[in-house]
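Bear in mind these aren't lab numbers, they're just calculated from the coordinates by the rules spelled out. Just so it is clear, the structure is predicted and the values come from calculations on it, not from any experiment. Cβ: placed from backbone, ideal geometry, glycine included. Neighbour counts: every protein chain shown.
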């Protein structure tokens, strides 16, 4: 949607990759089902088995109820599904367009759709991550939460695209399409979103810490203890400072393999960030020798992401091969190729 709205040669060459990623939504919805079952059976979220008179529940009224949570989640996936269906339909229609004028009309339709839909998307993401992640601790809240994930998911998207493009750049037909400037443009977007992610995180911390409200600061206090504190420092150094300094170098952003290696490293740090956000809630030592929220790592912390990520990648590459990987009928396709080969 961002590329349809703003234009730019960088988006033409990545469009089919992003579309293939969006078509994995049915798989994501299927993977989400066990989480919904866990909510229904009161096995995941603390608020699902709290007394209705508890302050965290009473203050939020009917919002924190099992069935309303499941209904909202279904609405989120339905809205995302409509976005995915229409954007992919127009992409397929463009491949079948009989003239440049027909292709241009399809682009204009997608552009008009993308403006208001980007606002809706940001709102849906905000509500979704509040429901799915922030309510893991029903006593805590942050007004910056949605922005954090919009920036983080955007960064993950561009890092993933860079890694896929680097993999495809020596293979037909992408070897005749991709150029250094394409990677340079994507590297600049990675740099921008790295800074935005850091800004939102720092703003959230500064606002909550200076407010000094126990319900809010407790979330950070837990993550400052033991191994969580070291992980927080690692995120500052390796999710922000290290990528930021490297992405400032213009030459690095033009070297596809090096940029892809950095993109994969950032993706790994995105997983670390998610573990940092979610992990303390579920740190309950089976032997009860450690306090709840203490830092320790289980083999499931590795097997889970690898298994789910492997299934997702298998499905993604299957979707990627179902359609032409370049939008050859796009009226700006030749311009995009020339842009990539420029200096």
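Tabulated values for the structure
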quantity	calculated
Residue of 213, 236, 14 that the Gaussian network model of the chain assigns the largest fluctuation, springs spanning Cα pairs under 10 Å	213
Cα gyration tensor, region 221-343 - rounded (a/c under 1.5), prolate or oblate	oblate
Cα-projected label distance for residue 171 with residue 334, points at 7 Å along beta-carbon direction, nm	2.8
Base-10 log of normalised Debye intensity for region 80-159 (one unit scatterer per alpha-carbon) at q = 0.12, 0.14, 0.22, 0.25 Å⁻¹	-0.49, -0.62, -1.03, -1.15
Normalised contact order of the chain, rounded percent, pairs of Cα under 8 Å and 6 or more residues apart	30
Angle in degrees between helix 256-278 and the longest Cα principal axis of the chain, rounded to the nearest 10	20
Euclidean distance between Cα centres, region 300-318 to region 215-265, Å	22
Per-q log10 I(q)/I(0), region 61-103, q = 0.18, 0.31, 0.32 Å⁻¹ (Debye; single scatterer per alpha-carbon; no solvent)	-0.62, -0.95, -0.98
Rounded tilt (10° steps) of 66-95 against the dominant C-alpha axis of the chain	10
Cβ-based exposure ranking for 119, 308, in which fewest neighbours within 10 Å come first	119, 308
Modelled FRET efficiency - R0 41 Å, residue 220 with residue 314, Cβ distances, 0.05 increments	0.60
Least to most buried among 203, 298 (fewest other Cβ within 10 Å first)	298, 203
Residues 82, 12, 272, sorted so that the one with the fewest Cβ neighbours within 10 Å comes first	82, 272, 12
All Cα pairs of region 124-240, percent lying beyond 24 Å	40
Dimensionless Rg over Rh [the chain; C-alpha; Kirkwood]	0.99
